[in-house]
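Presented below is the structure to which this report refers.
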Amino acid sequence: MPVSVNESGIPSEDTVTITVNGKQIAAAKGEMIISATDRAGVNVPRFCYHPRMKPVGMCRMCLVEVSGPRGMSLQPACYLPVADGMEVVTDSEKVRKAQDGVLEFLLVNHPLDCPVCDKGGECPLQDQTLAYGPGESRFVEEKRHWAKPIELSDLVLLDRERCIQCARCTRFASEIAGDPLIDFFSRGDSTEVAIAPGEKFTSYFSGNTVQICPVGALTATPYRFAARPWDLEQVESTCTSCATGCRVVVQSSSNQVIRYLGVDSDPVNQSWLCDKGRFDFEAHRAGSRVTVPMVREGGELVECTWAEALRKAAEGIGRAMEVASDPSSAVGVIGGARLANEDAYAWAKLVKSVIGTDSVDADLGDGLPADAVLGLPKATIDEVCSAPLVLVMTPDLRELAPILFLRLKAAAQSGRTKVIELTSVGTALGRYATETLVYRPGEAASLVAALFADSDPKPLAAGMEIPPIAGVAASDVARTRALLAGFSSAVAVVGRPSLAESTEATVAAVAALSAARPETRYLTVHRRGNLHGALDAGLAPGILPGRVTLEGGRSTFAAESGWGRVPASTGMSTHEILRSAAQGSLGALILLGADPVVDFPDHESEKALSGGAFVVAVTAHLCESARRADVVLPAAMYAERGGTTTNFEGRVTTLGKKVTPPGQAWEDWAIAAELATALGSDLGFTSFDDIAAERTRLVPLFRHFTPHIWNAPSTRDGVLLPLATAPVGLTGAPRALDPVATPGIGSLPHHAVRPPSPSPLFAGTGTTGPSGAVASPGAVRFSRPASPPDLPAPDAYSLRLVAPYRLYDCGTHVVGSAHLAALAPVGTVRVNHYDLDRLGASTGDTLRAVSPGGSHQVVVEVDDEVQRGTAVMGFNLAVAEGSVSARSLIDLSAPVTDIRLEAHR
Amino acid sequence: MAGLTPENLARARETVALYPQPRSALIPLCHQAQAQEGWLTPDAISQIAELVGVSAAEVRGTASFYDMLHLEPVGKFLIGVCTNISCMLGGAYELLAHAEDRLGIRCGQTTADGTFTLEEMECLAGCDGPTCVAVNYRYFPNQDESTFDTLVDDLAAGRLDGDVPCHGTVSRVDRTVTLMAQRDEVLAERAASDRARSERQAAKEAKG
Ligand code: SF4
Ligand code: SF4
Ligand code: FES
Ligand code: FES
């Protein structure tokens, strides 16, 4: 139902009127005075108030005069809700006197060491002391002293002398992150922020406390003494370290990326970032960075010129194309999720029309198939977080998409959203879920079917106990079934719960849900940054740009006015490409920022690069796979190139280019264009704008989507494609950049103006309509498998493997960022004590794991959160000397992987 | 470093069960843990955190607010000398200096044998008998230098064991019964008063 929105973005029935300094302004019922004055452009100084957290009224800096039954009195503007007819004065003598007192008091114990403080120059305490307050102190006594600084964690340092006890950090930790590891200790002037002895502030969200600390008390190790605010340049961008797509500013000094700060994007990250996204910029300068093209000569990779590298690459690819009748069986391309949308489009054109192969896949066996991502009816994060009921069938979201986890946690805690979680291992979301059903890995489909069945599970014969379903007790199924039945429509968050279960098993569960509840809408959560954008550009077998099938797009793209040619039939997926390469039947393999040797969940992935295929690696880092390539082409990284990116909602936002790529690294689209030339063809692109122009012309999904649109202030929260052509009202109140909420961002051009409402062409937060997919005849549709895959019956001696994704793993970004790499856990096989006791083993022992991938050494650990009969090993983690990582155990061609643990001798 | 003994752990569980919200048992559990060891050991803090469902930092944060909950070891006898106005006039500072000499430690320190800790205290509400001294929170008013020496001798010799509780014991009475009011009743009462209030409000608005 459309809500009528007035000038200030407040739904009219909730409006009250208050008077601020003699002027009448509209305010929303229930909001605090400070947010109404902010909207009206009247500044009230503050420290403890943060627009994304509950107010506490701790610092008293925001005192204003407010009318009440006993006349005007001083009240904290951040802690008093507006009331109709309320009169507020923010600039009287009385208010100024209060501000003077509060500031003088706050500075009593403050060391005033601004010249050596990282916050100096962007410090709300410094700024507000200059703008308000007496400017002089009467305090001549000795100030309190503490050791400076102490480590709260490897990432966050605390200088207690500078702390003004605003409780932003402690409130963030407990209220927003749900990790109450820091708290105030003691009282009076010995109050300090601290952690429990022996503990560390190990939260995935710890960096946010540094971002919101209004003084220099909290600093982040990677930024400490790295730059002064006035030396920083910045550009707004989108984080692509996972597929959530949080908005950030990238700040640099001397052409080096030096800091990321979260930008408040209402529909996505609401100003927060996870620590991986915030701190992985160190990978820009990692020793593994490739900055010069290389070719293999005499078994070694040697540096060469771009001309030579491109010639060698074209020769190798050309040779492969010559010998085969169908390019799709000769040349395979893996990767593309690292690319910007425009890069991906250029590569799709090179691959599908110039080379002519359809064997290209941006998914590395860890997401959902393209038809699910593109073809399922879509739900946005906002829709998920405002739905009364959400079904979550994903891996641990805190590991996979940390900020989505925060959003969902907040929705569940507010009581607005009931979360029903189906999982095989305990997750961080479990604490906030209404129901958590723990099923046997791989068997989600039968559980979903039972949850939506017409009747409760029945005993096999009268008088017998009702058997569990997929390992879940029948009573739990019945209770959840009843709960689900009470909701007419459902929203689901779906993803690959474990890399040790095949895509088919996951798809079967989604299919079961979509069969039972066809109106369900989905947020498909995948791991890799711009996977959705790569799929939108056609970087998957069987599809073409714009979410259409090969057939659906043939007439447009095969025409002279299009690409001139498209592949004849559907090509191979990543798994098939790797198998074909391992068997020696693939002529050439192009790795587009992909590292299948370590980052593909199958024990045989390593063999692919030794099957004789000619390998071209387009990469920013010399990863395991690139080390074995014949040609290595250095690519630009994040923040070294612009364009747009697409998150898992399908939301398209901009990428900011802040620094130049190091050495001779090129942007990916330029590599595609030059490679096409070397292959004797011409992509027709000399700039990003060329690519965007062709895309708007050929692809209905991208119609109207020009740089002019994506660079407009009204699209700063991104757009969902296709663009709505009718004017749509903006949802939510427009926000101005708040320099006290996020010190350090300064000003951003797109936040200086308030987007017009309603916006002329599209909404920043609108939806694509009920189906989400483009209503064209050739649109990609979710194809349901005929039946779920057959699973082996559980046997008493095997453990079913779950390989969940971990936030800090051995990916190039984490390994290349020293501060994060130190936090990556070591990969152990975690099992229930019951299963380990049987073997007479205990935590830390080395056992033999007999798996489809052979018999290998692993280190085991007791974890009673793990169900009996299940073994959990994080994917792509470093492991103890002599043992193997999860990949070596997984058989991706089977629906599930069962392993057996044996005493090692 | 010791956590709660099995008996105390069982007692702690019973205490938690007395409250509608486990969190409410935080301070009672701190008392129990301190009565056992004389101070809150990090292990005990972690156990309490788990029992009441908060983090160790939150338990420590709460405990550190209160002077009578100790986060570091204290001697078997914690001697507090009040130095507020009434006692000060009665010679509290002189007594404190004497106590330092007698015990061979500075205020805030513990004797090497772990028997005595000396602290300066705020008004103990024993102003009618200055100088007021507390030993493990039990009062000994009207102290001067010689009575203080006798007191210390008696404590050291164990002559006061019946009067002065075991170190760390703040409260000698343990809660064993649940709160008098039943939760449902409280909630029902609250709902009724909310309803009445909104009716009054509605009536007022209807009148204009
Ligand atoms: S450390 Fe910073 S954020 Fe935390 S209470 Fe102190 S001033 Fe506030
Ligand atoms: S949640 Fe994802 S997109 Fe957001 S900051 Fe973290 S890695 Fe970046
Ligand atoms: S009391 Fe209002 S901002 Fe701190
Ligand atoms: S002044 Fe010492 S007890 Fe009151």
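Tabulated results
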{"item": "Residue within region A:160-181 that is more than 11 Å from chain B (Cβ to nearest Cβ), in a helix (DSSP H, G or I) and of a type in the set (Val, Ile, Thr) present", "result": "yes"}
{"item": "Of the criteria (1) closer than 11 Å to residue A:217 by Cα; (2) within 16 Å of ligand 3 (Cβ to nearest atom), which one residue A:158 fails", "result": "(2)"}
{"item": "Residues being of a type outside the set (S, T, N, Q) and more than 18 Å from residue A:158 (Cα to Cα) - total across region A:108-132", "result": "6"}
{"item": "Residue in region A:595-602 that is touching a helix residue (DSSP H, G or I) at 6+ places or on another chain (Cβ under 9 Å), outside any strand (DSSP E or B) and without any contact (Cβ under 8 Å) to a residue 40 or more places away in the chain present", "result": "yes"}
{"item": "Matching residues in region A:171-193 - criterion: being open to solvent by 10 Å² or more (accessible area, probe 1.4 Å), in contact (Cβ under 8 Å) with a residue 12 or more places away in the chain and touching a strand residue (DSSP E or B) at 6+ places or on another chain (Cβ under 8 Å)", "result": "A:181, A:183, A:184, A:191, A:192"}
{"item": "Selection count where residues are more than 14 Å from chain B (Cβ to nearest Cβ), touching a strand residue (DSSP E or B) at 6+ places or on another chain (Cβ under 9 Å) and within 16 Å of ligand 2 (Cβ to nearest atom), scope region A:200-222", "result": "7"}
{"item": "Number of the condition not met by residue B:81 [criteria: (1) assigned to a helix (DSSP H, G or I); (2) in contact with a strand residue (DSSP E or B) (Cβ under 7 Å, 6 or more places away or on another chain)]", "result": "(1)"}
{"item": "Residue A:184 vs. criteria away from ligand 2 (no atom under 16 Å from the Cβ), farther than 28 Å from residue B:45 by Cα and outside any helix (DSSP H, G or I)", "result": "no"}
{"item": "Residue that is farthest from the other protein chains (Cβ to nearest Cβ) [pool: residues in region B:63-77 that are assigned to a helix (DSSP H, G or I) and crowded, with 20+ Cβ neighbours inside 10 Å]", "result": "B:63"}
{"item": "Criterion violated by residue B:12 - all others in (1) within 14 Å of chain A (Cβ to nearest Cβ); (2) crowded, with 20+ Cβ neighbours inside 10 Å; (3) in contact with a helix residue (DSSP H, G or I) (Cβ under 8 Å, 6 or more places away or on another chain) satisfied", "result": "(1)"}
{"item": "Residue among A:52, A:46 that alone is away from every other protein chain (no Cβ under 14 Å), in contact with a helix residue (DSSP H, G or I) (Cβ under 8 Å, 6 or more places away or on another chain), open to solvent by 40 Å² or more (accessible area, probe 1.4 Å) and within 15 Å of ligand 1 (Cβ to nearest atom)", "result": "A:52"}
{"item": "Residues of region A:816-839 satisfying the condition of being in contact with a helix residue (DSSP H, G or I) (Cβ under 8 Å, 6 or more places away or on another chain), crowded, with 21+ Cβ neighbours inside 10 Å and either under 22 Å from residue A:857 (Cα atoms) or of a type in the set (A, V, I, L, M) (or both)", "result": "A:820, A:827"}
{"item": "Condition check for residue A:249: within 16 Å of ligand 3 (Cβ to nearest atom) and closer than 24 Å to residue A:740 by Cα", "result": "no"}
{"item": "Condition check for residue A:161: in contact with a Lys or Arg (Cβ under 8 Å, 6 or more places away or on another chain) and more than 16 Å from ligand 4 (Cβ to nearest atom)", "result": "yes"}
{"item": "Close pairs (7 angstrom Cβ cut-off, 6 or more residues apart or separate chains): closer than 28 Å to residue A:403 by Cα in region A:43-64, aromatic (Phe, Trp, Tyr) and more than 7 Å from ligand 3 (Cβ to nearest atom) anywhere", "result": "A:53/A:172"}
{"item": "Residues (more than 16 Å from ligand 1 (Cβ to nearest atom), surrounded by 14 or more Cβ atoms within 10 Å (Cβ to Cβ) and of a type in the set (D, E, K, R)) located in region A:60-90", "result": "A:65, A:87"}
{"item": "Pick from region A:152-180, criterion within 16 Å of ligand 2 (Cβ to nearest atom) and not aliphatic (A, V, I, L, M), ranking: nearest to residue B:58 (Cα to Cα)", "result": "A:179"}
{"item": "Top-ranked residue of region B:129-142 - restricted to ones that are open to solvent by 20 Å² or more (accessible area, probe 1.4 Å) and either within 16 Å of ligand 1 (Cβ to nearest atom) or part of a loop (DSSP other than H, G, I, E, B) (or both), ranked as nearest to the other protein chains (Cβ to nearest Cβ)", "result": "B:137"}
{"item": "Filtered residues of region A:304-357 (kept if assigned to a helix (DSSP H, G or I) and without any contact (Cβ under 8 Å) to a residue 12 or more places away in the chain)", "result": "A:307, A:315, A:322"}
{"item": "In region A:21-33, the residues that are surrounded by fewer than 24 Cβ atoms within 10 Å (Cβ to Cβ) and either under 25 Å from residue A:213 (Cβ atoms) or in contact with a strand residue (DSSP E or B) (Cβ under 7 Å, 6 or more places away or on another chain) (or both)", "result": "A:21, A:24, A:25, A:26, A:28, A:29, A:30, A:31, A:32"}
{"item": "Scan of region A:367-389 for residues that are open to solvent by 10 Å² or more (accessible area, probe 1.4 Å) and under 30 Å from residue A:598 (Cβ atoms), ordered by number", "result": "A:369, A:370, A:371"}
{"item": "Helices (runs of 4 or more DSSP H) completely within region A:619-710 that count 2 or more residues being open to solvent by 50 Å² or more (accessible area, probe 1.4 Å) and either outside the structural domain of residue A:315 (by TED's automatic domain parsing) or on the phi < 0 side of the Ramachandran plot (or both)", "result": "A:624-627, A:668-678, A:688-698"}
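Rundown of residues vs (1) under 17 Å from residue A:614 (Cβ atoms); (2) open to solvent by less than 10 Å² (accessible area, probe 1.4 Å); (3) charged (D, E, K, R), yes/no style:
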residue: A:269; (1), (2), (3): no, yes, no
residue: A:280; (1), (2), (3): no, yes, yes
residue: A:301; (1), (2), (3): yes, no, no
residue: A:307; (1), (2), (3): no, no, no
residue: A:320; (1), (2), (3): yes, yes, no
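Residue-by-condition table, conditions (1) open to solvent by less than 20 Å² (accessible area, probe 1.4 Å); (2) out of contact with any helix residue (DSSP H, G or I) (no Cβ under 7 Å at 6 or more places or on another chain); (3) free of Cβ contacts under 8 Å to residues at least 24 places away in the same chain; (4) within 11 Å of ligand 4 (Cβ to nearest atom):
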site: B:93; (1), (2), (3), (4): no, yes, yes, no
site: B:101; (1), (2), (3), (4): no, yes, yes, no
site: B:127; (1), (2), (3), (4): no, no, no, yes
site: B:154; (1), (2), (3), (4): no, yes, yes, no
site: B:171; (1), (2), (3), (4): no, no, no, no
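For every residue, the table says whether it meets (1) of a type in the set (A, V, I, L, M, F, W, C); (2) within 14 Å of chain A (Cβ to nearest Cβ).
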| position | (1), (2) |
| --- | --- |
| B:8 | no, no |
| B:16 | yes, no |
| B:20 | no, no |
| B:28 | no, no |
| B:35 | yes, no |
| B:54 | yes, yes |
| B:85 | yes, no |
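The values are calculated or read from the model by the stated rules, or taken from the named source; none is laboratory data. All values reported here derive from a predicted model rather than from experimental measurement. In this analysis, Cβ positions are derived from the backbone assuming ideal geometry, glycine residues included, and neighbour counts consider all displayed protein chains. Remember, those area values only see protein heavy atoms, side chains included, never the ligands or the DNA or RNA. Shrake-Rupley method; radii C 1.70, N 1.55, O 1.52, S 1.80 Å.
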